[in-house]
Amino acid sequence: AQKRYADLRDLPAQDLSGQEVSLMMNAGLMADLPSLYGSGADGVGLFRTELQFLTRTRVPRRGELAALYARVMDAADGKPVVFRTLDIGSDKVVPYMKPQDEPNPAMGWRAIRVGLDKPGVLRMQLQALLRAGNGRPMSIMFPFIARPEEFYAARDILWRVRDREAQLGRTVPEELKIGAMLETPSLGFATDQFYADCDFISIGGNDLKQFFFAADRENERVRRRYDTLDSAFLTFLERIIARCAVSKTQLSFCGEDAGRPIEALTFAALGIRTLSMRPASIGPVKHLIRRANLNELRQVIQSARNEGQNLVRPAVTSYLAHL
Ligand code: PEP
Ligand code: MG
């Protein structure tokens, strides 16, 4: 399939009306990086940092992490890489952490909640990231932010680590973008000030969807029960898009849906202009964007809802089928 889309690799993901969408890739291992070139991705929109913690019998050392992150940035060769700080706890059990007995681990002590309660590991990871950057522009985002205060607390930790590194004589990035992952509906209703304070927001659709519809993403019985192209979910996304537009906050979508062509085109039509996905999805998504007119698709979506369709999938599918 990659081969079929190879011709598109160096072409922009631009629709017929001239609007451009940035297609980035998700990664979590050094071995993922060669795909950056094979796929023609504009960068790494989500670098998940859990794997190095999950596959060890002890907390990885700062030096090893810094070396890995530096290699990732070297391989990206100036293309942006968005590093997400550790999203562990609960279901992603690390061998050296005391297992938590939680009835609902997905809603439990995980991600930034662990990072803020036990900031030692978070601080170490942030040091490793800044050292890896060695002055290069960097983007760092925090997972599972449910309230602005969590973002501010995490950002304070990062600023303090940066200032301390500078005091130690290390080169720190002049351009450090700090973002929040929007994975709980609550952030959609946060203050304007919060939106203005985020350099960027990345929608973690896998988690967001499970909390929006109250449907466990790990539970086979319910995980496919609710459609991303439900008008209610799209209305929620539009709210976020509009708010980011007002505060000029960069917005991206990095859940699995970003790599599903019908979903990806819908997000782009609604105004999400950065999508981060598995590398193999970039070709198919780009192929469709180049054949579509996002303004038209937006109208198709709006008309379907005006007619009372609560699911816009049939309308989008039929538009795309006729391209
Ligand atoms: C998400 O929740 O959509 C996401 C990108 O993060 P993860 O899948 O790692 O939870
Ligand atoms: Mg998530």
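Checked against the criterion of being touching a residue at least 40 places away in the same chain (Cβ under 8 Å), among the small types (G, A, S) and closer than 24 Å to A280 by Cβ, the candidates G78, G45 yield just one match: G45.
Considering each residue of the stretch 155-165 in turn, at least one proves to be away from ligand 1 (no atom under 16 Å from the Cβ), within 19 Å of the chain's Cα centre (by Cα) and basic (K, R).
Any idea which of D10, D117, D15 is in contact (Cβ under 8 Å) with a residue 40 or more places away in the chain and more than 18 Å from M138 (Cβ to Cβ)? Don't jump to the end; show me each part of the working.
Numbers: D10 fails: in contact (Cβ under 8 Å) with a residue 40 or more places away in the chain; D117 fails: in contact (Cβ under 8 Å) with a residue 40 or more places away in the chain.
Going through D10, D117, D15 in turn, the sole match is D15.
Residues in the stretch 88-115 that are assigned to a helix (DSSP H, G or I) and either under 20 Å from the mean Cα position of the chain (by Cα) or crowded, with 17+ Cβ neighbours inside 10 Å (or both): 6 in all.
Residues in the stretch 213-245 that are within 20 Å of the chain's Cα centre (by Cα) and closer than 21 Å to A315 by Cβ: 12 in all. Criterion first (within 19 Å of the chain's Cα centre (by Cα), of a type outside the set (F, W, Y), surrounded by fewer than 17 Cβ atoms within 10 Å (Cβ to Cβ) and at pLDDT below 95) does L29 satisfy it? The answer is no for L29.
When you scan the stretch 72-110, how many residues do you find that are closer than 16 Å to C254 by Cβ and of a type in the set (K, R)? Of the residues in the stretch 72-110, 2 are closer than 16 Å to C254 by Cβ and of a type in the set (K, R).
The values are calculated or read from the model by the stated rules, or taken from the named source; none is laboratory data. Predicted, not measured: the structure shown is a model, and the values here were computed from it. Using ideal geometry, Cβ is built from the backbone for each residue, glycine included, and neighbour counts are taken over all protein chains shown.
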